[in-house]
Amino acid sequence: ADLVVVSFHGGAEGLAAASTPRGDEYFYGEYRGNVRKFAHSMIDAGASLVLGHGPHTLRGVERYGGGLTAYSLGNFVGYAAFSTSGHLKYSIILRVTLDKGGVVQKVKAVPLILSPAAVPKVDPQARALTLLNDLSKADFGPQAVFFDEAGEWRP
């Protein structure tokens, strides 16, 4: 394919799962994979973009090889189905622009906040961007993606 985007559901869940660990993850005794190894292998195999979900919380964004991985975008919609306590109420929508060869040109992160009933709306205070940048820096160091105040990043 000329362009490969991979979406996966993996990793532990909940308030304690915001950090993207090195190695295997478990949730209530169930094996939930090694999301870093998976994402890196997908990019090594030719994917340009890897989008994770499953932890029900934001996780950081990493540049790896020629690709980009968002390890968890948080929750989007789940009327009264998800916890919105603490940082679980923050999510993002990613708008990613790729060229014809699959190279990331720019990324726009739209910060969301979930109501107590888990209905999303754009967060004018952009608190998800601060959380996302903090998680990215802590988990990925020099490979972290940092979004500016407008939610934009360019390689």
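FYI, it's all coordinate maths here, none of it is from the lab. Predicted model only: the values in this text are computed from it and were never measured. Don't worry about glycine lacking a Cβ; one is built from the backbone with ideal geometry, like all the others, and counts go over all protein chains shown.
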Cα-only Debye scattering, region 11-79: base-10 log of I(q)/I(0) at q = 0.15, 0.23, 0.28 Å⁻¹: -0.46, -0.98, -1.25
Pull up all non-local amide H partners of LEU98: gap of 5 or more, or a different chain, and H-to-H distance under 5 Å with H placed in the peptide plane. GLN105
Lysine pair count for the chain [Cα-Cα under 19 Å; pairs on different chains or 8 or more apart]: 6
Once normalised by the length of region 69-150, the mean sequence separation of its alpha carbon contacts under 8 Å that are 6 or more apart gives a contact order in percent of 25
Report the one residue of LEU112, THR97, ALA80 whose Cα lies farthest in the direction of the positive end of the charge dipole of region 74-141 (charges on C-beta: Lys and Arg +1, Asp and Glu -1; origin at the Cα centre). THR97
In whole percent, what relative contact order does region 67-106 give with Cα contacts below 8 Å and a gap of six or more residues? 37
Computed helical MRE - 222 nm, the chain, DSSP H runs ≥ 4 contributing -39500 (n - 2.57), nearest 500: -5000 deg cm²/dmol
Normalised alpha carbon radius of gyration of the chain [divisor 2.2 N^0.38 Å]: 0.99
Highest average packing first - 143-152, 83-92, Cβ atoms within 10 Å: 83-92, 143-152
With 5 Å bins from zero, work out the P(r) of region 86-155 over every alpha carbon pair and list the percent per bin. 4, 17, 23, 23, 17, 11, 5, 1, 0
Summed residue charge, Cβ within 15 Å of ARG22's Cβ, Lys/Arg positive, Asp/Glu negative: 0
If you place +1 on the Cβ of every Lys and Arg and -1 on the Cβ of every Asp and Glu, how big does the dipole about the Cα centre of the chain come out, in debye to the nearest 20? 180
